[in-house]
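Every number in this text was worked out from the coordinates using simple rules, so none of it is lab data. What you are looking at is a predicted structure, and each value in this text was computed from that prediction instead of being measured. We place every Cβ from the backbone using ideal geometry, glycine too, and count neighbours over all the protein chains shown.
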Amino acid sequence: MDDFYRYNQTSLKINLLFKRELLNNIYMHRYLRRTVCKILPALLLMAVLITDGIFAERSFSQTPDGTQLFQACAACHSIGKGKLIGPDLYQVTQRRDRKWLMKFIRNSQEMVQSGDAIAVKLFEDHNKIPMPPYTYSDEQINAILGYIENFNPDQAAAAPVTQEVTEDQKTAKEEFFADTEDHTRQFGTTFIISLILLLAAAFDLFVTKLIKARFVNVIVILISAFVITEITVVEAKNLGRQPGYAPDQPILFSHKIHAGDNKTDCKYCHTTVTESKHAGIPSVNLCMNCHTAVRSGRNTGTVEIEKIYKALETGKPVEWIRVHNLPDHTYFNHAQHVSAGKVQCEQCHGDVKTVDRIQQVQQLSMGWCIDCHRKTQVQFTENGYYQKFVRLHEELKSGKRTRVTVEDVGGTECSKCHY
Ligand code: HEC
Ligand code: HEC
Ligand code: HEC
Ligand code: HEC
Ligand code: HEC
Ligand code: HEC
């Protein structure tokens, strides 16, 4: 009897304890929720401000103006000043047929491969350096050829080949490659201290209750929770899993100048993007295709380009820092998206042509991948690979279905993206 009574008493006590714990929990929950509600808008605002600053793009006009368009060619061609990487273009319109020129400028490699005798000879004579393809309109090519025809090499002032960085260039450089984030902060100790404080305060609040004024504990918990969140967010960014990640690169390489202003095709440098899993980062040898001749840039003078020669001399490859990085357990393939899926680089990497510094603009989260797979149609009838989806083909024929998305062909199955 006694035992039974005692047993009941204890269980009652335990019950009460649990209730109080529960109330405490609810109390904490509300408190946390309220503070989170307060902190979140501030965090969001910060994020918007940071990304806004990065995204603020500089406009550049694009009229079919021969002088301006020729800038893209000037890296490799002179007019009347001799051979650079490509042949001197002086009087090229007289030695070649206009139709041939149009075709050659649009895609010289296609002509080389199709066995055009002149194109093959030119290619062989120039150490098999391919001229990048240009998607120009007739109007634009005519503007360039017009500029070449009317160019008088004797009158044109000799452009300085090398120049030191001027004050203007320095500010331009700082502005262009402005650091957005200090990625070298050391957080380990702060993180651990905050975590210990948080746990200690929580333990005291619920269990030991040494500090009578409860708000002290609550404040300690809130502050350390905030610090921990802040650190986690920044560290996650450093892992490259957050949009906005844009590390300092060993050479201030600008996509705006190369892919934008000079219109060099992405595939000229990221050579494997259409046929392999990886897009690939170019070696300095490829940079040298142009930089044997281009020894100075408008923003950084000779400083940054020198680093290419240095890397070549020492044979030490440039240690580019990876911007986009999926965790090891995921599988992503560029060729599948770029060649088969016809997805544009911009959809996943943002408008690379307009930025100096590459940054991660998309989440690269699982939700992001799947969201696009649900929305995007595959090239279903054109791609032989999809022959095997008999049911889908029938449904499409009978009009039961109007479209086939990546999801329909299995693009949301775990095993497609996870090893
Ligand atoms: C990366 C360097 C590079 C750039 C940039 C470049 N070219 Fe070329 N170009 C070459 C090379 C190299 C050749 C020689 C053929 C070959 O190797 O395929 C060539 C050949 C030519 C020829 C044939 C010349 C001849 O004697 O028949 C023309 C015309 C030409 N380029 C025009 C242009 C125009 C116009 C532009 C700018 C829109 C341009 N190129 C940009 C490297 C370049
Ligand atoms: C469907 C989205 C998507 C498209 C389209 C896409 N990429 Fe990527 N890219 C990624 C992802 C995701 C990564 C990270 C891959 C990893 O960590 O394995 C990446 C990584 C890269 C890298 C780093 C090196 C490498 O090979 O992983 C380069 C360079 C690159 N992409 C260039 C390009 C270019 C150029 C294009 C267009 C021709 C392009 N990408 C199209 C999603 C895409
Ligand atoms: C197709 C030709 C071409 C290739 C390939 C090329 N560049 Fe350039 N690069 C240029 C031209 C042209 C300029 C000068 C732009 C200007 O300032 O007008 C330039 C400028 C630069 C600058 C100076 C930017 C500035 O404004 O100060 C750097 C740094 C640079 N390139 C690095 C590289 C690296 C690294 C590679 C190889 C990954 C490379 N380039 C490959 C044509 C090329
Ligand atoms: C002249 C060569 C060149 C051209 C042209 C070029 N890139 Fe790049 N790209 C590079 C180099 C070098 C890097 C590594 C340095 C960096 O990240 O800025 C790079 C890096 C990248 C990355 C980041 C890879 C990573 O670390 O995750 C992406 C994405 C990318 N390029 C996309 C493009 C796209 C899209 C285009 C066409 C619009 C393009 N590139 C044109 C040379 C080039
Ligand atoms: C902008 C849209 C888009 C995004 C973002 C995207 N994909 Fe895709 N993905 C496609 C398209 C379109 C295809 C179909 C390609 C084809 O026709 O074979 C595809 C196909 C695939 C396939 C092959 C599916 C199958 O059934 O064979 C895999 C695997 C894949 N994607 C992985 C990823 C991963 C991982 C990510 C995120 C890191 C991602 N994708 C992000 C558009 C996208
Ligand atoms: C279209 C490609 C795709 C498909 C389909 C997909 N995942 Fe993922 N998954 C990813 C990517 C990319 C990541 C990495 C995201 C990140 O790190 O934020 C990921 C992350 C994860 C993670 C988190 C691991 C971590 O590091 O945090 C788990 C768990 C996971 N996936 C399980 C699944 C399961 C279960 C399925 C099937 C229902 C599935 N995934 C289907 C692309 C995919």
Separation in nanometres of the label points that stand 7 Å from Cα toward Cβ, at Val343 and Glu275:
2.2 nm
Whole-Å semi-axes of the ellipsoid equivalent to region 239-289 (Cα gyration tensor, √5λ, descending)
20, 16, 12
Cα-based Rg / Dmax (Å) for region 275-419
20.8, 65
Per DSSP, loop trypsin sites (Lys or Arg not before Pro) in region 321-419 with at most 12 further Cβ within 10 Å
Arg322, Lys342, Lys400, Arg403
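Which loop-located GluC sites (Glu not before Pro) does region 284-387 contain, where loop means any DSSP state but H, G, I, E or B and the Cβ has at most 12 other Cβ atoms within 10 Å? Walk me through the numbers before you get to the answer.
Numbers: sites: Glu304, Glu306, Glu313, Glu319, Glu346, Glu382; in loops: Glu319, Glu382.
Answer by residue number: Glu319, Glu382.
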For region 331-348, in order, what is each residue's ³J(HN,Hα) by Karplus, 6.51 cos²θ - 1.76 cosθ + 1.60 with θ = phi - 60°, in whole Hz (x at glycine and Pro)?
10, 9, 10, 5, 4, 4, 7, 6, 7, 6, x, 6, 7, 6, 3, 4, 5, 10
Of Lys81/Lys316; Lys128/Lys307; Lys81/Lys128, which sit over 30 Å apart, Cα to Cα?
Lys81/Lys316
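Multiply the residue gap between Lys267 and Gln362 by 0.36 nm, knock off their C-alpha separation, and tell me the result in nm, one decimal place.
32.1 nm
D for region 66-150, whole µm²/s, Stokes-Einstein with Kirkwood Rh over alpha-carbon pairs at 4 °C and 1.567 mPa s: what number?
Estimated diffusion coefficient is 100 µm²/s.
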Contour excess over end-to-end distance, with Cα ends at Ile118 and Tyr309 and 0.36 nm allotted per residue
65.5 nm
